[in-house]
Structure formats: structure tokens, C-alpha cells
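Here's the structure we're looking at; comments come further down.
The values are calculated or read from the model by the stated rules, or taken from the named source; none is laboratory data. Small disclaimer: the values here were computed from a predicted structure and weren't measured. Every residue, glycine among them, receives a Cβ derived from its backbone with ideal geometry; neighbour counts consider all protein chains shown.
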Amino acid sequence: MANSYFKFRQFTVHQDLCAMKVTTDACLFGAWAASNTAAATRGELRVLDAGAGTGLLSFMMAQQTNAEIDMVEIDPDAFEQANENTRLSPWASRIRVINEDVKTIQFPHKYDVIISNPPFYENELKGPDEKKNIAHHSERLLLSELLTVIKENLSAEGLFYLLLPYKRHDGLKELLLKKDLAILELVFVRQSVKHDYFRIILKGNLGAEKQPDTALDEISIWDDKQQYTPEFVAQLKDYYLNL
């Protein structure tokens, strides 16, 4: 059974109401996206967290940047949890939590960054827990629909970040091309140096026809002795308590 909360250096994520719990790969993704954003952008920054869950990604982004952040979460319980986590965080004054469907909101402005850890599974067998089905399966937010949200709401010079299962790698570039979205960087993630890839971290932007070749990288969470790798530690040392 997952812990009811996860304590980081500067914030705590309570998760008892959320089907989607804090995971190591989501922490890696949030840290990577936040550090990339901090390095690539200056000045005022608007961030959209599409399908925010507990709010983990937004808090990691808020820790590293001065962004004004909109979290959007459709599930009422997850929204309540994200709202409470935000209220208890150091960044409540610049994070807004919205309980709506991100596909139907008419946002009043474009975003400099859109970040999402979307539901992973499409057309796959579900379990008996409806909340977990909503969190993990894509019927309410297909990847193609999320890409439409990104295309319609990302600023001309903006960046978007996605965490996806590795099996979505095949055909991913073609799917983005259909939305005129480009992949700037892909990071292939292993659970350990002994495992195959299981996740993809993606950074992209608008305008597929004018983009250079995609930069490729990889990272393993654990080494062969079940210790965090130096690369993982470098990403998470500002967040994890015991690194």
C-alpha cells in the first residue's frame, strides 16, 4: 500500500485521495522538465499542468522557476487533493487549481510551458477500480486529444513536456507531425541498468517542419547494486530528502 504522503525537501505531496500516486519515474520527469525550463526560459512564465493529479509536477516546476502555474484536474477527489497540497506549499500564491476537463477549457492566454503525465493505456484491459481506470487509461484524454490541447494552447516559442510509456515510441513522431508538433529531445528511461527502457521523457515545441534532428539521451534510475545512479541523483538532489 502506497504511503499517504511523500515528503520532499521543500514541499509535501499528500496522495490518499488520488488514484495516481507519486512514482519515481514521475519525479524524474518533473525534475528534468523543471531544470530544462529553468535553463531555457527567463522572465515571466506561464505553465499549464494538464491532468495534474496530486500536483507533483507543478510543485517541482514552481521550486525551480518563477512561473505562474495552472493545474487542471478533472477528477473531483484528485482536484481536492491538489488544492490542499497547493495550499500547504510555499507557492500557493502563484498556483491555480482548476476542476475541469482540459479539452474543453477556453484559456484566456497561451502558455510558455505545458507539462503532462497523461493516462498511459489506450485500448487495454481495465481493473475494477474506476478511479484508477480514469487515472491510468486514456478514454477521457487520448494522447491525440492531449496533443490538440498542446497545439491550441502553447505559445509560439513555448515548450511542452510529456512522460509516456516506451511502447508509444513507435509512431510517436508521426502522431506529433499530424499536429505540427516537433520532438526536440527524447530521454529513454530504464528502471535499472539491467532493464530495458520502460518510459520516454519528451520535450517538444510547435512547428514540426522547421525543427532540427531530435536529440537522444538515456538514464537509468538504479545501478547494478540497487543504488541510485549518479545521473538520477543529479536530477533529484534538490527534491529528495536523503540524496
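Considering (1) assigned to a loop (DSSP other than H, G, I, E, B); (2) at negative phi; (3) crowded, with 16+ Cβ neighbours inside 10 Å; (4) in contact with a helix residue (DSSP H, G or I) (Cβ under 7 Å, 6 or more places away or on another chain), the lone condition that Phe107 does not fulfil carries the number (3). Listed here are the strands (runs of 3 or more DSSP E) enclosed by the range 141-236 that have at least 1 residues being at positive phi and within 20 Å of the chain's Cα centre (by Cα), and there are none.
Of all the listed residues (Asp196, Asp238, Asp223), the sole one being among the acidic types (Asp, Glu), surrounded by 16 or more Cβ atoms within 10 Å (Cβ to Cβ) and modelled with pLDDT of 95 or more is Asp238. Of all positions in the range 52-70, at least one carries a residue that is small (Gly, Ala, Ser), assigned to a helix (DSSP H, G or I), under 20 Å from Leu162 (Cα atoms) and modelled with pLDDT of 95 or more. Among the residues making up the range 125-167, those that are of a type outside the set (Val, Ile, Thr), at pLDDT 90 or above and crowded, with 17+ Cβ neighbours inside 10 Å are Leu143, Leu146, Leu147, Asn153, Leu154, Gly158, Leu159, Phe160, Tyr161, Leu162, Leu163, Leu164. Looking across the range 9-20, the residues that are surrounded by 19 or more Cβ atoms within 10 Å (Cβ to Cβ) and either assigned to a loop (DSSP other than H, G, I, E, B) or acidic (Asp, Glu) (or both) come down to Phe11, Gln15, Cys18, Met20.
On the stretch given as the range 22-58, residues that are in contact with a helix residue (DSSP H, G or I) (Cβ under 9 Å, 6 or more places away or on another chain), over 18 Å from Leu154 (Cα atoms) and not hydroxyl-bearing (Ser, Thr, Tyr) total 11. When only residues in the range 62-98 that are surrounded by fewer than 16 Cβ atoms within 10 Å (Cβ to Cβ) and polar (S, T, N, Q) count, which is farthest from the chain's Cα centre (by Cα)? Step by step, filter the range 62-98, then rank; the result is Ser93.
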